[in-house]
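Structure record follows, encoded as structure tokens.
The values are calculated or read from the model by the stated rules, or taken from the named source; none is laboratory data. Being a predicted model, the structure only gives us computed values, none of them experimental. Methodologically, a virtual Cβ is constructed for each residue, glycine included, from the backbone with ideal geometry; neighbour enumeration extends over all protein chains shown. Side chains included, ligands, DNA and RNA excluded: accessible areas come from the protein's heavy atoms. Shrake-Rupley method; radii C 1.70, N 1.55, O 1.52, S 1.80 Å.
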Amino acid sequence: LNPEAFYHRGYLYQMMGDFKNALNSYELIIKISEHTTVKSTYEYAHIQQAYYNIGYINLLEGNYKQAIKMFDIAVNLNPADANAIYNIGLCYEAIGDNKLAEEYYQTALQANPQHDEAARSLGTLYKK
């Protein structure tokens, strides 16, 4: 089984708005990775991106707590992923925890000082 093929299939479903099949493909990548040895950095990146995309779909669907869990795993796999860090902030802001949202926006900016969305979200948060 090839994680890359399942990743691309999942991404295609995601872009078409078929989140159910996208999630199935991404979850299959994770199951494969639990039962095999990751052979390359490229495969590892697909696993990290699968967690990220599961988090993103959950964010879009308003499942913020599940999204946070998936983004946390993605960040653990790639601590420099400013987008995953930023999206955790979005989730916390959506559930009303502005203090944690602020912390994650700032952390996203530390990971990538050019992250415009994190800077904008932080500014908007300060205006509240």
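Annotations for the structure displayed:
- Against the list (1) under 9 Å from the mean Cα position of the chain (by Cα); (2) surrounded by fewer than 19 Cβ atoms within 10 Å (Cβ to Cβ), the condition Phe71 fails is (2).
- Cross-chain or 6+ apart pairs with Cβ under 6 Å, the stretch 5-32 first and among the polar types (S, T, N, Q), then open to solvent by 80 Å² or more (accessible area, probe 1.4 Å): Ser25/Arg9
- Matching option when the condition is of a type in the set (A, V, I, L, M), part of a helix (DSSP H, G or I) and touching a residue at least 24 places away in the same chain (Cβ under 8 Å), among Ala67, Ala80: Ala67
- Candidate set: the stretch 1-32, residues that are among the aliphatic types (A, V, I, L, M) and within 14 Å of Tyr52 (Cβ to Cβ); chosen: the one surrounded by the most Cβ atoms within 10 Å (Cβ to Cβ): Ile29
- Tally, over the stretch 33-55, of residues that are in a helix (DSSP H, G or I), open to solvent by 20 Å² or more (accessible area, probe 1.4 Å) and free of Cβ contacts under 8 Å to residues at least 40 places away in the same chain: 9
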